[in-house]
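*Asks:* Let me begin by handing over the structure; questions about it come next.
The numbers here are math on the coordinates, done by the rules we state, and not lab data. Just so it is clear, the structure is predicted and the values come from calculations on it, not from any experiment. With ideal geometry, Cβ positions are generated from the backbone for all residues, glycine too; neighbour counts draw on all protein chains shown.
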Amino acid sequence: MSLKQRLEQINEKVEESTKKINDPYYEFKNKILINVIEELEIDFKEISDKNQKMINEISYLIDNNIEKEDLNLTSNQKSRIREELINEIIGFGPISDLLKDNEITEIMVNGPNSIYIEKHGKLQLTDVKFKNNDHVIHVIKKIVSPLGRRIDEKSPMVDARLPNGSRVNAIIPPLAIDGPSITIRKFSEDPYNIEDLINFGTLNSKMAEFLKMCVKGKLNIIVSGGTGSGKTTSLNVISSFISEDERIVTIEDSAELQLTQKHVVRLETRSKNIEGSGEISIRDLVKNSLRMRPDRIIIGEVRSAEALDMLQAMNTGHDGSLTTGHANTPRDILSRLETMVLMAGLNLPIIAIRNQISSAINLIVQQSRMMDGTRRITHITEVQGMEGEIITLQDIFLFKQNGVDSNGKVLGEFISTGIKPKFFKLLNQRGINSSSELFSSF
């Protein structure tokens, strides 16, 4: 289907929505939009917001069409109309400017007339609006079509990613009752480094040095936390400590990690096709990765039966594996791993599963989103082993909250428990030397 046909579909029911958002120039803009698309002598698929020459050509055609209409518009009105039309052609419509704002970390479209953003950790309602439900669906299709994905009544949900790596989830009617919904979690095009996290207050320099030691020493680490707590960002930063001479295999539902090493093989799952077949799960990719001679396996998130394969890999020589998981405390992530292993369908006794977990996982990095919107690593916890039927844990570093100031900002400090981890000798054996003063209370 051509872009012109898609535009015509978008505007079939526009009259009622146009009245709602009170856009007196809607028909004028739509006419210009169709004219510009017809005049462009390039394939729509080749249009890119990175191609300044193309943007200039589109801008020139828009200006010519505006002048032909002779509506006595001010320069500001012309500029605004030009910007809106460029966003519609080469971007993602009304949310294009939100995507360009580096201070916005999340965009939530709850139907055509309700668009929220997360900025500085706080939710805000914007004045941005779509024309109608079809306009929202058009933008969703524009996001997912280049990825070979589809969204329609038969497949009303989709996970995808934008070219800059931002994660996108979309769901449309009849499942979304109040109109199509888009949730975009943005990731920085320039990946954060450990200094950025220190400056953000996510952790301090001693914790950073400790994590660097653990990654260099090939300990198995799981980053745990709730939704939006910054797990993926921290995993990406922690992964940056892996040396350049190691072969890294990453496995994700939607490729988000931005590793800077050269020898990286990125694997991504595949959903079922329209016939209900062809699905490739994280578990399938974990199994396959073991045949790819990896020095490191990084799993974006474990949430199901693949936990069993991951633990087995960690216990059979694939040291230094990294992953994330949803949980509110270090103890909770162990319980979740037990549940995920049971999802593999094997009738394993709980004590055997706990033995697998305790021998596979060396370190838990617990991250939380605080009430003021900041993200902090609240626990760095060692998995010490088994005592009877219980996995024993020992906190190495903690974030101690002292209260909240008059502006709602969380007050607190990072502290060391003063306890040296049991694996400290193992790190020394692997050539990772550090002073015991790293673990002194401060």
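*Asks:* In terms of modelled amide H atoms, which long-range or inter-chain residues lie less than 5 Å from the amide H of I251?
*Replies:* L267, I298, I299, G300
*Asks:* Here's a follow-up. Pop out the ³J(HN,Hα) list for segment 424-429 in order, Karplus 6.51 cos²θ - 1.76 cosθ + 1.60 with θ = phi - 60°, rounded to Hz; leave Gly and Pro as x.
*Replies:* Each residue of segment 424-429 in turn: 4, 5, 4, 4, 4, 5 Hz.
*Asks:* Then there's this: So what are the ³J(HN,Hα) numbers for segment 255-264, from phi and the Karplus equation (6.51, -1.76, 1.60; θ = phi - 60°), rounded to whole Hz, Gly and Pro as x?
*Replies:* My calculation for segment 255-264 gives 4, 10, 5, 10, 6, 9, 5, 7, 9, 10 Hz in order.
*Asks:* Something else about it: Could you give me the ³J(HN,Hα) list for segment 183-197, computed from phi with Karplus coefficients 6.51, -1.76, 1.60 and θ = phi - 60°, whole Hz, x at Gly and Pro?
*Replies:* With the stated coefficients, segment 183-197 comes to 10, 10, 9, 7, 10, 4, 5, 9, x, 5, 10, 5, 5, 4, 5 Hz.
*Asks:* Determine which residues of segment 384-402 fall in the zone a paramagnetic label at I350 would reach in this model, i.e. backbone nitrogen under 14 Å from the point 7 Å along Cα→Cβ.
*Replies:* Of the residues in segment 384-402, 388-391 have backbone N under 14 Å from the label point off I350.
*Asks:* For the Cα atoms of the chain, what angle does the longest principal axis make with the long axis of helix 52-69, in degrees from 0 to 90, nearest 10?
*Replies:* 30
*Asks:* Could you give the angle, 0 to 90 degrees to the nearest 10, between helix 26-39's Cα long axis and the longest principal axis of the Cα atoms of the chain?
*Replies:* That works out to roughly 80 degrees.
*Asks:* Right, something else. With a Förster radius of 35 Å, plug the Cβ-Cβ distance of M386 and F241 into 1/(1 + (r/R0)^6) and report the FRET value to the nearest 0.05.
*Replies:* Details: r = 29 Å, r/R0 = 0.82.
My answer for the efficiency is 0.75.
*Asks:* Here is a further query. Once amide H atoms are built 1.01 Å from N in the peptide plane, which residues 5 or more positions from T378, or in another chain, come under 5 Å H to H?
*Replies:* Here the answer is Q366, Q367, S368, since their amide H atoms fall under 5 Å of that of T378.
*Asks:* Give, rounded to the nearest 20 debye, the magnitude of the charge dipole that segment 194-439 has about its Cα centre when Lys and Arg contribute +1 at Cβ and Asp and Glu contribute -1 at Cβ. Before the final figure, lay out the partial values.
*Replies:* On the way: 28 positive and 28 negative charges, 65 e Å.
Dipole magnitude for segment 194-439 comes out near 320 debye.
*Asks:* In square nanometres, what is the average projected area of the Cα convex hull of the chain? Show your work: numbers first, answer last.
*Replies:* Details: hull surface 101.6 nm².
Mean shadow area of the hull around the Cα atoms is 25.4 nm².
*Asks:* How large is the Rg to Rh ratio of segment 194-439 when both quantities use alpha carbon positions and Rh follows Kirkwood? Could the numbers behind the result be given before it?
*Replies:* Numbers: Rg = 18.0 Å, Rh = 18.6 Å.
Over the Cα atoms of segment 194-439, Rg/Rh equals 0.96.
*Asks:* Under a 5 Å amide H to amide H cut-off, with H placed in plane at 1.01 Å, what residues pair with E106 once short-range neighbours are removed?
*Replies:* Under 5 Å from the amide H of E106 lie the amide H atoms of E118, K186, each far enough along the sequence or on another chain.
*Asks:* Give, rounded to the nearest 20 debye, the magnitude of the charge dipole that the chain has about its Cα centre when Lys and Arg contribute +1 at Cβ and Asp and Glu contribute -1 at Cβ.
*Replies:* Details: 56 positive and 61 negative charges, 263 e Å.
Here the chain has a charge dipole of around 1260 debye.
*Asks:* Too long at a 29 Å Cα-Cα cut-off: which of K100/K154; K231/K287; K262/K409; K31/K141? Present the calculation step by step, with values, prior to reporting the outcome.
*Replies:* Numbers: K100/K154 32 Å; K231/K287 24 Å; K262/K409 40 Å; K31/K141 22 Å.
Pairs exceeding the cut-off: K100/K154; K262/K409.
*Asks:* One quarter of the convex hull surface, Cα atoms only: what value does that give for segment 324-411 in nm²? Please report the intermediate quantities before stating the final value.
*Replies:* On the way: hull surface 26.0 nm².
Taking a quarter of the hull surface, the average projection is 6.5 nm².
*Asks:* Return the whole-Å distance between the Cα centroid of segment 97-149 and the Cα centroid of segment 360-408.
*Replies:* With segment 97-149 and segment 360-408 each reduced to a Cα centre, they are spaced 33 Å.
*Asks:* Does segment 288-350 come out rounded, prolate or oblate by the C-alpha gyration tensor, with a ≥ b ≥ c the root eigenvalues, rounded set by a/c under 1.5 and, if not, prolate when a/b is larger than b/c and oblate if not? Working shown, then result.
*Replies:* Values: a/c = 2.09, a/b = 1.38, b/c = 1.51.
Oblate shape, in that a/c is at least 1.5 and b/c is the bigger or equal ratio.
*Asks:* Let me ask you something else. Anyone know which of I32, I242, I390 comes out most mobile in the 10 Å Cα GNM of the chain?
*Replies:* I390
*Asks:* Also, I was wondering about something else. Which value in deg cm²/dmol, rounded to the nearest 500, describes the helix-derived mean residue ellipticity at 222 nm for the chain, given -39,500 (n - 2.57) per DSSP H run of n ≥ 4 and division by the residue count?
*Replies:* Numbers: 15 runs with 156 residues, N = 442.
Estimated from H runs of four or more residues: -10500 deg cm²/dmol.
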